[in-house]
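Working notes for the structure below.
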Amino acid sequence: MPFSIKKGQVLQERYRIKEKIGEGGMSLVYLAEDEDQKKKVAIKFLKPGITSSYVEDVIRFKKEVELVSKLDHPGIIRSFGTGEFENVPYIVTELLEGETLAELIRKKSFKTEETLLIVHQVTEALSYVHSRGIIHRDIK
């Protein structure tokens, strides 16, 4: 089944799709406007039918959504809701703007103090996640 989300489409009578902003091995990410809160959000859709074990991918994605929605830490993206569009599950999260750490690393050298601060922030977030019984498989 083809995935047909389009610019201007509204999900949950609230989230207006603006544009596709990313794609990973398992998901598609769109910029949307939360018309109730008047702010930008990201909507991450599981790519439909990308593997022969699609049912297992959907179960894993839904479990991830359930777990992430319960987390509250400054180093972890906030989740605002979930849903399905054309039988494809999605999660609505805060929009993180700016450069990724990978992009910054390619552009510049970090001082030791900067590196230690980054490592400290990442390990704090991972410690928080692990303390809740979650193993993170996609650190960025």
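The values are calculated or read from the model by the stated rules, or taken from the named source; none is laboratory data. What you see is a predicted model; the values in this text were computed from it and never measured. Don't worry about glycine lacking a Cβ; one is built from the backbone with ideal geometry, like all the others, and counts go over all protein chains shown. Each accessible area value is taken on the protein alone, full model and side chains, heavy atoms only, with ligands, DNA and RNA left out. Shrake-Rupley method; radii C 1.70, N 1.55, O 1.52, S 1.80 Å.
Ligands, DNA and RNA left out, the accessible area of segment 6-140 computed with a 1.4 Å probe is 53% carbon and sulfur. GNM on the chain, alpha-carbon springs under 10 angstrom: the most fluctuating residue among S69, S127, S27 is S127.
Between I59, I43, I77, the GNM of the chain built on Cα springs shorter than 10 angstrom shows I59 fluctuating the most.
Of all the options K39, K62, K20, the one that moves most in a Gaussian network model of the chain with Cα springs shorter than 10 angstrom is K39. Straight-distance candidates among the lysines for linking to K18, with alpha-carbon spacing under 30 Å and chain neighbours fewer than 8 residues away dropped: K6, K7, K38, K39, K40, K44, K47, K62, K63, K70, K107, K140. Once the 1.4 Å probe is applied to the protein heavy atoms, the chain comes out at 68 Å² accessible per residue.
R16 contributes about 80 Å² of solvent-accessible surface, heavy atoms of the protein only, 1.4 Å probe. Summarising the label geometry, the points placed 7 Å from Cα in the beta-carbon direction at L71 and S131 lie 1.4 nm from one another. Charges were assigned to the Cβ only: +1 to each Lys and Arg, -1 to each Asp and Glu. The resulting dipole of segment 76-135 about its Cα centre is roughly 260 debye.
So what's the net charge close to K20: Lys and Arg +1, Asp and Glu -1, counting the other residues with Cβ under 15 Å from its Cβ? Counting the neighbours of K20, the net charge comes to +4.
For E97 and E84, compute 0.36 nm times the residue count separating them, minus their Cα-Cα distance, and round to one decimal in nm.
Numbers: separation 13, 0.36 × 13 = 4.68 nm, distance 2.47 nm.
That works out to 2.2 nm of additional length.
Compared with the dominant principal axis of the Cα atoms in the chain, helix 54-68 is inclined by about 60°. With everything on Cα atoms, drop me the angle between helix 112-131 and the longest principal axis of the chain, reported from 0 to 90° to the nearest 10. The angle comes out at about 50 degrees.
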